[in-house]
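Step one of this worksheet: look at the structure below.
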Amino acid sequence: MLYVACSGFPVPVSRYWSLFPAVEISDTELGIPGAGTVRRWLRESPEGFAFTALAPKELGESGFAKTKENKALVQAFADFADTLGAQAVVFHAPEEFEPSKATKSAVKSFVGWLPDALPQVVLDLPGWKPADVLAACGKKNVVAAYDPLLDDAPPGDIVYMRLPGPAGHRSRYDEEAVEQIAEHCKAVRDESDLAFCVFRNIDMQANATGVLELLEK
């Protein structure tokens, strides 16, 4: 199953449900939405709709430190993901968090520290190659997020693409790039059990719609 989605709601939520089959909740990067908001999303979203969620940004910005403050953030996020029925949770780090002996050790330790009740853990480390992410995690069941225009899909039954924009958040993928992403999605759809293609650039709605249209041809 392949889901094309946006990170956050680029249009009113009531309209979003009819445009895409999934969403990566990005509100959680800054704070955990209230129970009423979650209940509304679950009530209004169509049957079969898929949710994933982005972890609080403090976790990645701290270098995935195992502190008391981060423990509380992780637990609140885990409770939210459980209530939402999220299929995956994404932990993102800034570009400057590059692979080294110390950061690899921190990532491995952090992943082992996460609650077992979390859904599929996805690590989005833009400064790393997907193979480096998986190697750092050892035998832990972790998915490495990747940009299909830069890297091949990492091995595994679950695939998670995150598209940051060709030149950062404020940029837009051109027609040729959208076609390349769609072709990659077609291949992934046939080879994996579950795949997400999530756009997080400023023109995410237009780019995600373009991929969906090509996939339906």
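Where both partners of a DSSP beta bridge lie in the chain, what percent of those bridges are antiparallel, to the nearest 5?
Working: 0 of 31 bridges.
Counting DSSP beta bridges with both partners in the chain, the antiparallel share is about 0 percent.
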**Request:** Along Cα→Cβ, 7 Å out, is where each label goes; now give me the distance between the ones at Glu216 and Glu58 in nm to one decimal.
**Result:** 4.2 nm
**Complete:** Put in order of increasing Cβ neighbours within 10 Å, starting from the fewest, Thr209, Thr83 give Thr83, Thr209
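Using only the Cα atoms of the chain, build the gyration tensor, take square roots of its eigenvalues as a ≥ b ≥ c, and label the shape rounded, prolate or oblate: rounded if a/c is under 1.5, else prolate if a/b is larger than b/c, else oblate.
Since a/c reaches 1.5 but b/c is at least a/b, the shape of the chain is classed as oblate.
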**Complete:** So for region 70-153, using the alpha carbon gyration tensor with a ≥ b ≥ c as root eigenvalues (a/c under 1.5 gives rounded; past that, a/b versus b/c decides prolate or oblate), I'd call it prolate
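Counting each DSSP H run of 4 or more residues in the chain as -39500 (n - 2.57), what helix-only mean residue ellipticity at 222 nm follows after dividing by all residues, to the nearest 500 deg cm²/dmol? All intermediate terms of the calculation are to be shown ahead of the outcome.
Details: 8 runs with 86 residues, N = 217.
Calculated from helices alone, the mean residue ellipticity at 222 nm is -12000 deg cm²/dmol.
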**Asked** Considering the chain as a Gaussian network with a 10 Å cut-off on Cα pairs, which listed residue, Gly36, Gly156, Gly85, attains the greatest mean-square fluctuation?
**Response** Gly36
**Request:** State the number of lysine pairs found in region 2-215 whose Cα atoms come within less than 22 Å, restricting to pairs 8 or more positions apart or on distinct chains.
**Result:** 28
**Prompt:** Hey, quick one: spin label on Ala102, modelled 7 Å out along Cα-Cβ, who in region 53-74 has an amide N within reach, i.e. under 18 Å?
**Reply:** 59-67
**Asked** If you take the beta carbon distance between Ala187 and Ala135 as r and set R0 to 25 Å, what does 1/(1 + (r/R0)^6) give as a FRET efficiency, to the nearest 0.05?
**Response** 0.55
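A short reminder: the numbers here are calculations on the coordinates, not readings from a lab. As the structure is a computational prediction, the values presented were derived from the model and not from experiment. Because the Cβ atoms are built from the backbone with ideal geometry, glycine has one as well, and the counts that use them run over all protein chains shown.
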